[in-house]
Amino acid sequence: MTVEITRATIDRYNRPGPRYTSYPTVPHWNAQFTADDYLAALRDVAATADPISVYVHLPFCAERCAYCGCNATSTKRADVVDHYLDRLERELAMVTAALGTGRKVVQLHWGGGTPNFLNEAQSRRLMGLLRASFTIDPEAEVALEVDPRIGSREQVFLFRELGFNRISFGVQDIAHDVQVAIGRIQPLSQTETVVLAARDAGFASVNIDLVYGLPYQTPASFAATLQAMIDLRPDRVACFSYAHLPQARPNQKRVDARQLPTGYDKFQLFLQAIDAFTAVGYEWIGMDHFALADDELAVAARERRLQRNFMGYTVLPAPHQIGFGMSAIGDLAGRYAQNDAHLGNYQRAIDAGELPITRGMRLSDDDLMRRKAIMHLMCNLEVPFDLALPPHGQPLGEAFAAEIERIAAYADDGLVEVEPRRLRVTERGRFFVRNLAMELDRYLQQATERPIFSSTV
Ligand code: SF4
């Protein structure tokens, strides 16, 4: 990196903040939002011709990794999955009763947990249910997350046959001592097998997830991980910051916090990733993603039309996202809705014939405007003063003049540059883009107590 970031800068800006996959962020949603409110939102979508995104949460894993921050549960039993699919079938029926069947889907994502914990019959059943409920556009992004430890060449080909065209493999780190410390032993050969299979099966995009800031990671060990991934040449890499929040995620109590690289040392690992990937043809996308220059994500980032939702960065935004399964989140008709994150509660609600919504929010005009401004900043690294904000098209510069002034003050530390028609986030500012976005977050500005969020790096 040509940009130099001092320890003092890290210390100054490395503070807890949201990742802004939503605005307002989840802690500000409320339990007064009910299943009836969700049904009303579905009916509002039904009255439009808008295409949708669909997310299905598959929470099962063979074992719980110590570092995991997902809504996941471990089981050895296939029948537990069958019973869960029964509930998904009923949830699909309840949702399509309000939405109508056959709605066009431009983005479908199976996340988890471990979606490839499903066996062949279960995978076929779930895709069959989805195809019976929706019309999956031939150009749709159809993606899933795969754990290489339980994957195989045959399974990767099965997913391609089922219509998936994007696949994401969890790797995190290849060093054995790191893997022991995070409770996830994954020989490199397992990753190589499934990545090669994905290429041979004709997936349009192969992604690998890495995590920096894990116990025992050192510059030397992480360099080996980065080189091994570069050798595999995935189209995209996500390099996430490990967020150690054992009070919110009890499984992380198994992680020895004394062995975690923190602050400046952790930051150096991320710099290493940037250097390694950008040196061999990847572009740094948004906060923590990399994509080959001809990948559609990199093209969209260059053209400043990258978007962000609960599934990550995307180039194919649908105006509404509908989530299925425990803890799944919907974002539809100006409302957020989340299903119960407890497996038993989720299943009991479905058995009682109720949609399992436990919290949500109807966005105000102010929320919608700030959401657009924050997402544009997070994705495209600029605050354009003439960006038209929903719902009435007011220009950003007019709506948030005071916030722009506060963000412009970060020019003193070289995080932004003030241009005539926009604030532009500099290379240095990219590392702290969440801090900049927090200036547009009305809820944080008003809060006396901050919810638990991870630190910037
Ligand atoms: S990290 Fe992935 S495989 Fe491990 S427990 Fe979490 S969801 Fe399951």
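Readers should treat all values here as calculations from the given coordinates under stated rules, not as data from a laboratory. Note that the coordinates shown come from a computational prediction; the quantities given were computed from them, not determined experimentally. Positions of Cβ are generated from backbone atoms using ideal geometry, with glycine treated the same way; all protein chains shown enter the neighbour counts.
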Cα centroid separation, the stretch 182-216 to the stretch 67-138 (Å): 23
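Compute the Kirkwood hydrodynamic radius of the stretch 239-388, taking the inverse of the mean of 1/r over all pairs of distinct Cα atoms, and give it in Å to one decimal.
Numbers: mean 1/r = 0.0539 Å⁻¹.
This gives a value of 18.6 Å.
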Arg406 paired with Val3, simple spin-label distance in nm, labels 7 Å along Cα-to-beta-carbon: 2.1
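At 0.36 nm per residue, minus the direct Cα-Cα distance, what do Glu63 and Val280 gain on full extension? Give it in nm, one decimal, please. Before the final figure, lay out the partial values.
Numbers: separation 217, 0.36 × 217 = 78.12 nm, distance 3.49 nm.
Answer, rounded to one decimal: 74.6 nm.
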Formal net charge of residues neighbouring Thr135 (Cβ-Cβ distance under 9 Å; K, R +1; D, E -1): +2
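Could you tell me what percent of the DSSP beta bridges with both partners in the stretch 24-321 are antiparallel, to the nearest 5? Write down the numbers at each step before the final one.
Working: 10 of 44 bridges.
Antiparallel bridges make up about 25 percent of those DSSP assigns within the stretch 24-321.
Just the Kirkwood number for the chain, please: inverse of mean 1/r across all distinct Cα pairs, in Å, one decimal.
On the way: mean 1/r = 0.0439 Å⁻¹.
For the chain, the Kirkwood estimate is 22.8 Å.
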From phi via Karplus (6.51, -1.76, 1.60), per-residue ³J(HN,Hα) for the stretch 210-221 in Hz, x at Gly/Pro: 10, 10, 10, x, 7, x, 6, 5, 10, x, 5, 5
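In µm²/s, what is D for the stretch 1-150 at 20 °C and 1.002 mPa s, where D = kT/(6 pi eta Rh) by Stokes-Einstein and Rh is the Kirkwood radius from Cα pairs? Can you show the working numbers first?
Values: Rh = 18.4 Å.
The calculation lands on 117 µm²/s.
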Rounded to whole Hz, the Karplus (6.51, -1.76, 1.60) HN-Hα couplings of the stretch 40-50, x for glycine and proline: 4, 5, 4, 5, 5, 5, 4, 7, 10, 9, 5
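As a check on your grasp of the helix formula, calculate [θ] at 222 nm for the chain: sum -39500 (n - 2.57) over DSSP H runs of n ≥ 4, divide by the residue count, round to the nearest 500. It would help to have the intermediate numbers written out before the result.
Numbers: 17 runs with 174 residues, N = 457.
Calculated from helices alone, the mean residue ellipticity at 222 nm is -11500 deg cm²/dmol.
Given a cut-off of under 8 Å on Cα pairs at least six residues apart, what relative contact order in percent is computed for the stretch 1-110? Mind showing how you got there, number by number?
Details: 58 pairs, mean separation 38.1, N = 110.
Over the stretch 1-110, the number comes to 35 percent.
Taking 0.36 nm per intervening residue step and subtracting the Cα-Cα distance, what contour gain separates Arg199 from Ser152 on full extension?
Details: separation 47, 0.36 × 47 = 16.92 nm, distance 1.33 nm.
Going from the current span to full extension adds 15.6 nm.
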For the stretch 95-103, 3J(HN,Hα) per residue [Karplus equation, 6.51 cos²θ - 1.76 cosθ + 1.60, θ = phi - 60°, Hz, x = Gly/Pro]: 5, 6, 5, 8, 8, x, 8, x, 4
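Could you compute the longest span of the chain free of GluC sites (Glu not before Pro) located in DSSP loops and having at most 11 other Cβ atoms within 10 Å, not counting the site residues? Before the final figure, lay out the partial values.
Numbers: sites that count: Glu4, Glu303, Glu449.
No qualifying site falls inside 5-302, the longest such stretch.
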